[in-house]
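Peer 1: A single structure is presented below for examination.
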Amino acid sequence: MPIVEREAIGTDLGDEDAIFHIQAQNGQLGATVGSWCSILRVEVQSTILLFPGSLWCFTATLSVDIDPMSGSLPTLGDVLAHWTQNFRERGIDEPESSAELILAHAVDKNMVHEVDLSRAMTKTVAARMEHMCRRRMKREPVAYIIGEWDFHDLTLHIRPPVLIPRPETEELAALALAGVHACGSGSKLRESGALLDVGSGSGALAVFLLTRLPGWRGVSVDISPVACELTTLNARRHRVFDRLSVHQGDIHLDSTFRDLASAGPYDIVVSNPPYITEAEMAALQPEVALHEDRGALCGGTDGMVVTRRLLNMAASLLRPHTGRLYLELGLGQPAEVERLVRHGLHDRLRYLHTRKDFTNRERFCELAACSGADGSS
Ligand SMILES: C[S@@+](CC[C@H](N)C(=O)[O-])C[C@H]1O[C@@H](n2cnc3c(N)ncnc32)[C@H](O)[C@@H]1O
């Protein structure tokens, strides 16, 4: 069997003594390239500390025993198969698509079908794959690892711990857009209008809607500074930043309400508020519970703390008569919103529709403003 000496570069999640850790991890290093060769000897030449106390980058000489069947170095396809298998064995959710997306990004592509899987693996790609796949092994969501995620046809920057946009929220965006288009071809709304995105997170809703409504302006609000930075970044990426005002604030505060109201009235208010109950939080999968912002998920004991505040504010923010509020909520919550509105707790709002998501669950509400902020009809 041919034995060759090769330079290697890699990263390792180690402790203070990187050399010790890497030596101790020879088996792991072997596992990384082990599907096509086995490591006989590792000599570490240098180490660089990338993040204090955690991530080391090293260069080493590996004596490797090349697979006698192929007699050649691994291809990107071999690496893909290797990590897919690793993820599957460790019980990682969506092992195939995780490995495919990570590989694509390791070679600066978006999708695996753009990658020539017969290409030989390089040191740089090996190191990138190793680093990203180890994060996935710790149940970090792929979107955080690759730093982006698609929302309809837009690719958004994504950064932990800001909520990763979900497919249901694409449906909410489509509902709001359909509401504007339903106004008829002669309607002024098609030409210009104002929207407010409450709890903007990555900016998915506001940015998507503004790209589709070129004559509109928007305001976004989020309590999280990181979320506001991300909304800004995505608004710039999709060239709507000149029409979006990004506001950081807590909607429970009167000062935030006043700021939002002074930029209104809004033809559309959209929101995917935190709606998971305290009890449901305990049952979340590790990808969500360990990595996504609790403040983006948990809506208090009944999951409706932010939603109730939004209902209290909405009539004063919406354009009287024509303004619409679109909400994405948890199971059972649309019925509760309908009950609150129909029983007169929000007498300046009218409940229009409950809509189902693609799994046929009632998840969205559409409400209308029925009078002016002073209560006039
Ligand atoms: C479920 S996430 C939705 C993010 C984004 N709109 C989406 O759909 O992907 C809820 C967002 O509301 C924000 N949020 C939670 N409580 C808030 C509050 N009191 N005031 C303003 N924003 C809040 C969170 O920071 C989070 O970004």
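Peer 1: Name the residues in segment 225-283 that are β-branched (Val, Ile, Thr), outside any helix (DSSP H, G or I) and more than 13 Å from the ligand (Cβ to nearest atom), would you? Before you say what the answer is, go through the steps one by one.
Peer 2: Kept after step one, since they are β-branched (Val, Ile, Thr), are these residues of segment 225-283: 226, 231-232, 240, 246, 251, 256, 268-270, 276-277.
From what is left, the residues that are outside any helix (DSSP H, G or I) are 240, 246, 251, 268-270, 276-277.
Residues satisfying the conditions are Val240, Ile268, Thr277.
Peer 1: Also, quick follow-up: Please tell me if Pro52 is out of contact with any Leu (no Cβ under 7 Å at 6 or more places or on another chain), at pLDDT 95 or above and not assigned by TED's automatic domain parsing to the domain that holds Ser202.
Peer 2: no
Peer 1: Give the number of residues within segment 124-143 that are touching a residue at least 24 places away in the same chain (Cβ under 8 Å) and either touching a helix residue (DSSP H, G or I) at 6+ places or on another chain (Cβ under 6 Å) or within 14 Å of His82 (Cα to Cα) (or both).
Peer 2: 13
Peer 1: Another one. What tally of residues in segment 123-173 results from selecting those that are modelled with pLDDT under 95 and in the same structural domain as Gly199 (by TED's automatic domain parsing)?
Peer 2: Summing the residues that are modelled with pLDDT under 95 and in the same structural domain as Gly199 (by TED's automatic domain parsing) in segment 123-173 gives 0.
Peer 1: Among the numbered criteria (1) hydroxyl-bearing (Ser, Thr, Tyr); (2) within 22 Å of the chain's Cα centre (by Cα); (3) near the ligand (Cβ under 8 Å from one of its atoms), which single criterion is violated by Thr307?
Peer 2: (3)
The values are calculated or read from the model by the stated rules, or taken from the named source; none is laboratory data. Nothing here was measured: the structure is a model prediction, and the numbers come from that model. All Cβ positions, glycine included, derive from the backbone under ideal geometry; neighbour counts span all protein chains shown.
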